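Contents: one structure, followed by commentary.
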Amino acid sequence: MLMNTHEARLDALRKELKARGLDGFVIPISDEHMSEYVGGYAQRLEWLTGFGGSAGTAVVLTDPTLIPAAAMFVDGRYTLQVRDQVDGRLYAYEGVPQTTIAAWLGTHAPAGAKIGYDAWLHGSTWAQGVEKALAAKGGALVAVAGNPVDAVWQDRPAPSPAPALVHPDRFTGQSSEAKRAAVSEWLASRNLDAVVITALDSIAWLLNIRGTDVERTPVALSYVIARSNGTADLFIAPEKVTDELRRHLGNAVSIRPRDAFVAGLRDLAGKRVAVDPERAVSAIFTELRNAHTTVVEERDPTVLPKAVKNPVEQQGQRDAQARDGAAVSRFLHWLAVEAPKGEVTEMSAADRLQACRQDCGDLRDLSFDTISGAGPNGAIVHYRVSEETNRTLQPNSVYLVDSGGQYPDGTTDITRTVWVGPDAPGPEVKDRFTRVLKGHIAIAMAVFPKGTAGSQLDVLARFALWQAGLDYAHGTGHGVGSFLSVHEGPQRIAKSAGGQAGTDQALLPGMIVSNEPGYYKTGEYGIRIENLVLVEPRSIDGSDGEYFGFETLTHVPIERHLVDMALLTKAEIAWWNAYHARVLQIVGPQLEGPAKAWLEAQCASL
C-alpha cells in the first residue's frame, strides 16, 4: 500500500531505521553529483517531508518520543516556504547558517547514537564535521549500504533513460578536444595522473554534451575520469549512448557503463588523483583511499573556464536574451491588460509566460520553476505555486514573477515586480521598490579593480535599504551557465559572513552574474528586480591598473509605476533612461501593434 501522508512516510522510515540498528538518518536534497536540482528519483526530501525547495536537509531521529525527534534545515530563502510545506508537528524548523546539522545532532542526538547517512549524497567535509560532533558524545556517523528512504519509497521513479545529446561547437565556441587538452595540461602542471569529475554541468561543459535527465537543467547523468594523457572515461548508462554521441566523443573518450564507475575509481590504485571536495561525494573519497590512491583535493579544473564565457558564448547569451526579452515583454503587456480585471491567477500567469517563451523560438525548457507570487506569496523568496496555494492577482496589489528559459545559445533568469492597478500604489511600497531599484542600479553602474570579489560589491545593493533599517535574506547575485545550470559557480555577489561559497572568487571578464536585490514584507508582498550582467573590461583614462564593470544583458522594462522619483539621483535617472532606450532598441523591432505601443510607453524617459 502506498503511503499518502508525510506522517505515514516518516513512521515507515523510522521503522526501517530501527530495523537497521540506526538511531537517526540525514536526508538532503542531493544526488550522487551534489547537484542543486535533482532528478525525480533523487527527490527523497520532498517525498518524505513535502518540502519543494532547492536547498534543505532533514534529520530524523528513530525514537519519536524525543523532543524534537526530527528537524528541517533551510536557509533564509525558504524560511516562509518550509513552514507552509512541512508539518511543524513532525519537524522542528532550523535556520542555516545560524545553526548546523552537526551542532544540532551534538545537542539532540542520544548519547552513543549511531546516525546513518548516504555517503553518495554528502560531501566528505560535511561528513567529517558531523562525525566529530557525534564522537564527542560517544556516537558515530554510519555510512549506510542502500538508502533507507529508498527502501520505503514504494513508487520511487527510475533515473531518466533519455539519450545524451551532442551540443554543437557553434554554441560552445570551443571543441571538447580543446577543453580536454586544457585539463590534461592542468593535470601535468600539478604532477597528477587523473581528475574525477562528478558535477553534471562540468561533464556537460567538458564533453560538449547536454541531456534531459534533470528538469530545468540540461544535463545527462554520468561521471568522467579525465587523464593527463588527454584521454577520458565517460561512465553513462548504455541506453543513453547514441551513435552520434560516439562519433562526437571520438576514440580518446572511452564510454563505460555508469554502474562501472566504482570499478573505474579502483582502477586508479597507486595514482595521484585530483578530486573536488565541494563537488564530489564522500563515497568517492572512501573508494579512492581504500584503493590506495593518493587523493589530492583540488577545485574541479572545468569550474573556472566554464564560468568565464568565451566570445561565442557571450554573443549567444545576448541573442538568447534578446528573444527572451521580447517574450517577457509580451507577457507583461498581456498582464497589464488582464490582471486588473481580477481573473488572472499565479498559475495562469506562469502558464502564459511559458507560452510566450515557447512562441519566441527554440525554448528547450524553463531554467527553473517560475516563481509567480501574488501579494503575500511574493514575500516567499523561492515560492513555488501549487493548486493549494494558487492566488488570484488582486487589483491594487504587488505581483512578483521570477523566471527563465533554457535556449541552446544561453540560459536566462529575470525577475520583475509589477503593480496591478488600477489605482496608484501607496507610498510605502513605492519607497521599498525604489530602494531596491537604487541597489540594482548601483550594481549595474559599479566599476571595480581587478581582483574584486562579489562580497566586496554586495553592500552597494543593500545600502539604500540599510538606510531605512531594511535588508533581504539572500545573496545579490549568482553565476549563470551557458545552456546549463541557472545557478553556476564559483562567483557570487553576497555577504561574506558565514564563509559562503563563491564570495571570495574574483570577478573576471566573461563571467555572468545576476543582479537581484529585493525586499520582502511577510504576509503582504515581495519585491525583487533582477537582470543578468556580464563582467567586462573598462578603459579609464589615467587609471592605475585594470578595471572592470558590467554589461547588462537582460532587456525588459522595469515597473515605472512603483518608482518614487524623489529618491532617485540624477545619475540613477540617467541610468534608467539609458537602460530603457536600449530595451526599446533591442525588443521594439520584435513587437508590433498594442504590445509595441505598450513597450514604447514603458520605455519613455522618466
Checklist line | On Cα atoms only, tilt of 593-602 relative to the major axis of the chain in degrees | finding: 90
Checklist line | Neighbour-limited loop hits for GluC sites (Glu not before Pro), the range 449-547 (at most 15 other Cβ within 10 Å; DSSP other than H, G, I, E, B) | finding: Glu524, Glu546
Notebook entry, point to check: Roughly what would the spin-label model give for Gln394 and Asn251, points 7 Å off Cα along C-beta, in nm?
Noted result: 7.1
Next item on the list: Would you mind checking the pairs Lys137/Lys271; Lys306/Lys596; Lys309/Lys521; Lys15/Lys495; Lys18/Lys137; Lys306/Lys430 and listing those with alpha carbons more than 31 angstrom apart?
Entry: Lys137/Lys271; Lys306/Lys596; Lys309/Lys521; Lys15/Lys495; Lys306/Lys430
Margin query: Per residue, how large is the accessible surface of the range 232-282? Use a 1.4 angstrom probe and give square angstrom.
Written below: 47
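Please work out how much length the chain gains when fully extended from Ala468 to Ser386, using 0.36 nm per residue of separation minus the C-alpha to C-alpha distance, in nm with one decimal. Mind dumping the intermediate values first?
Numbers: separation 82, 0.36 × 82 = 29.52 nm, distance 3.40 nm.
Residue separation times 0.36 nm, minus the Cα-Cα distance, leaves 26.1 nm.
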Checklist line | Vicinal HN-Hα couplings computed from phi for the range 127-141 (Karplus, 6.51 cos²θ - 1.76 cosθ + 1.60; Hz; Gly/Pro x) | finding: 4, 5, x, 5, 4, 5, 5, 6, 4, 5, 10, x, x, 8, 9
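Please compute the per residue accessible area over the range 59-103 with all protein chains in place, 1.4 Å probe, rounded to a whole number of Å².
On a per-residue basis, 46 Å².
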Notebook entry, point to check: Taking only C-alpha pairs under 8 Å that are 6+ residues apart, what is the relative contact order of the range 210-328 in percent?
Noted result: 16
Margin query: Test of the criteria: in the range 302-361, which GluC sites (Glu not before Pro) are in a DSSP loop and have at most 16 other Cβ atoms within 10 angstrom of their Cβ?
Written below: Glu343
Notebook entry, point to check: Points 7 angstrom from Cα along the Cβ direction at Gln585 and Ser605: gap in nanometres?
Noted result: 1.5
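Find how much the distance from Gln174 to Thr65 grows on full extension, using 0.36 nm per residue of separation minus their present alpha carbon separation; answer in nm with one decimal.
So the chain would gain 33.4 nm between Gln174 and Thr65.
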Item checked: Cβ-Cβ FRET estimate between Ala269 and Thr5, R0 fixed at 41 Å, reported to 0.05 -> 0.30
Check: Over the range 520-606, what is the mean sequence separation of C-alpha contacts under 8 Å (at least six apart), divided by residue count, expressed as relative contact order in percent?
Finding: 24
Item checked: Segment Leu508-Asn310, length gained on full extension (0.36 nm per residue, minus Cα span) -> 70.1 nm
Next item on the list: Please report, as a whole percent, how much of the solvent-accessible surface of the chain comes from carbon and sulfur atoms (probe radius 1.4 Å).
Entry: 51
Next item on the list: Could you calculate the FRET efficiency of Asp87 with Thr107 from 1/(1 + (r/R0)^6), where r is the beta carbon distance between them and R0 is 22 Å, rounded to 0.05?
Entry: 0.50
Notebook entry, point to check: How large is the charge dipole for the chain, taken about the Cα centre, if only the Cβ atoms of Lys, Arg (+1) and Asp, Glu (-1) carry charge, to the nearest 20 debye?
Noted result: 640
Item checked: Filtered GluC sites (Glu not before Pro), the range 93-194: DSSP coil and at most 12 other beta carbons within 10 Å -> none
Next item on the list: For helix 427-444, report the angle its Cα long axis makes with the longest principal axis of the Cα atoms of the chain; keep it between 0 and 90° and round to the nearest 10°.
Entry: 70
Notebook entry, point to check: With every protein chain present, what is the per residue accessible area of the range 526-606 (1.4 Å probe, Å²)?
Noted result: 45
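The values are calculated or read from the model by the stated rules, or taken from the named source; none is laboratory data. The model shown is predicted, which means the values in this text are computed figures rather than measured ones. Note that we place each Cβ from the backbone using ideal geometry, even for glycine, and neighbour counts take in every protein chain shown. The area values use the complete protein model at the heavy-atom level, side chains included, leaving out ligands, DNA and RNA. Shrake-Rupley method; radii C 1.70, N 1.55, O 1.52, S 1.80 Å.
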